[in-house]
Every structure is written in C-alpha cells, then in structure tokens.
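Peer 1: A single structure is presented below for examination.
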C-alpha cells in the first residue's frame, strides 16, 4: 500500500472513530436528562430539552460558518488533526506506553464487578434499566473507554455472556424496558446452585 493510501485509510479510520465517540458522548449526555423520579412524557422532558440545545448549537455554528466561511478551514484542520491521531495504527503506539505502566485501555467487564455496580445503581429500587447502566459506564473511567460507542443491545449481549439475567419488561418509575431485576440478580447462579447437590451426592 502506498504512503498516500495509508494516509487516506488512517484519516478515514480516525474520522469514523471520532464520529462514534462523539455520537456516544452526545447520546449519553442526552440520556442523562431523563428524570427517573417521574413517569410518562414528563420524565423525558430533560432529554428533549438537551436535544433542542444540540439542534440550536448546530444551527448557531452553521450561522457562524455562513457569516465567516474561512472558519471552515480552521474546523477542518482541527478535525483532520484529531482524526489523524485517532486513526494511528496499533503498531505505531509509543513503546514507552507499555514500559512505564499499564495502558489506559479498559479491562473486560467482570461478572462480580458488574453485579455489584447493578445493585448500587438500583439503590432501594427493584431493578435498573440497561440505558441507565450504559450511561453510567460511559461517564466513568475506565469503563468509558471500553463502552464508547456501545448501544443498549451491545450491553445486553455482554450481560448475557456474563450470565447476568436481563429482561425486556423491567419497570422503573412506571416505564418498562430492557433492564435487570434485583430478585434475578440476587438469586444464586446455576453453578452455585449445583455445588451443594454435587457435594451431597459425593458425601452419600
């Protein structure tokens, strides 16, 4: 592959990564506007307000660019530089990043850590929605790097792989959707349930 082709691929890859990261952060920011102490359309007012702010911000940016077209050169340059950095191949990462200590890449999700987090997010409630869990993961390091760009189906697939029971009818603040129930989470796992019977049969 020629140098020009490698540069083009790097810019395209970095631009896609930046777009996913920006989209995930904006989605999480909008989701944080939902009021879980309310139900119905009132609970979503905060989300709609944040969407309106985003639309207004984009409109103002368009007006500024229309008034000062030269600003597009600056915006394009900033985006290109950021995309170039984001598209850096793994083999070009500095060696000292691994020599000086652990990298900032988030570890894989651990079942017990996820279970503890779910119980914390539930508080005194009987369950928690997956969108609430995902918003929390995307707001706090080190899971923010791991879950960047995730959607609710992505989180659901990971929880299923970790044998965390999920259900599409979990009701929180009167709104049913995908989530985890406390009673399912606190129930003994199939492995733990089989251990006593195995030990009893061995003793017999």
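Since every read-out is calculated from the coordinates, none of them should be taken as a lab result. This one's a predicted model, so the numbers in the text were calculated from it and none came from an experiment. All Cβ positions, glycine included, derive from the backbone under ideal geometry; neighbour counts span all protein chains shown.
Peer 1: Given the C-alpha centroids of segment 128-158 and segment 1-49, what is the distance between them in whole angstrom?
Peer 2: Going from one Cα centre to the other spans 12 Å.
Peer 1: Given 0.36 nm per residue, what is the gain on full extension from residue 5 to residue 146 after removing their alpha carbon distance, in nm?
Peer 2: On the way: separation 141, 0.36 × 141 = 50.76 nm, distance 2.91 nm.
Computed gain between residue 5 and residue 146 is 47.9 nm.
Peer 1: Take residue 175 and residue 74, extend 7 Å from each Cα along the Cα→Cβ direction, and tell me the distance between the two endpoints in nm.
Peer 2: 3.8
Peer 1: Using a basic spin-label model with each label point 7 Å from the Cα along Cα→Cβ, how many nm lie between residue 37 and residue 162?
Peer 2: 2.8
Peer 1: For segment 1-46, state the semi-axes of the equivalent ellipsoid (square roots of 5 times the eigenvalues of the alpha-carbon gyration tensor), sorted largest first and rounded to whole angstrom. Write down the numbers at each step before the final one.
Peer 2: Numbers: eigenvalues 340, 7, 5 Å².
The answer is 41, 6, 5 Å, longest axis first.
Peer 1: Could you list 51, 120 in order of exposure, starting from the residue whose Cβ has the fewest other Cβ atoms within 10 Å?
Peer 2: 120, 51
Peer 1: How big, on average over all directions, is the shadow cast by the Cα convex hull of segment 111-192, in nm²?
Peer 2: On the way: hull surface 21.1 nm².
Across all orientations, segment 111-192 yields a mean hull projection of 5.3 nm².
Peer 1: Now, a different point. Extending each Cα 7 Å along its Cβ direction at residue 124 and residue 139, get the distance between those two points in nm, one decimal.
Peer 2: Output for this residue pair reads 2.1 nm.
Peer 1: Starting from the Cα-Cα distance between residue 82 and residue 19, subtract it from 0.36 nm times their residue separation and give me the gain in nm to one decimal. Before the final figure, lay out the partial values.
Peer 2: Numbers: separation 63, 0.36 × 63 = 22.68 nm, distance 1.09 nm.
Result for the pair: 21.6 nm of gain on full extension.
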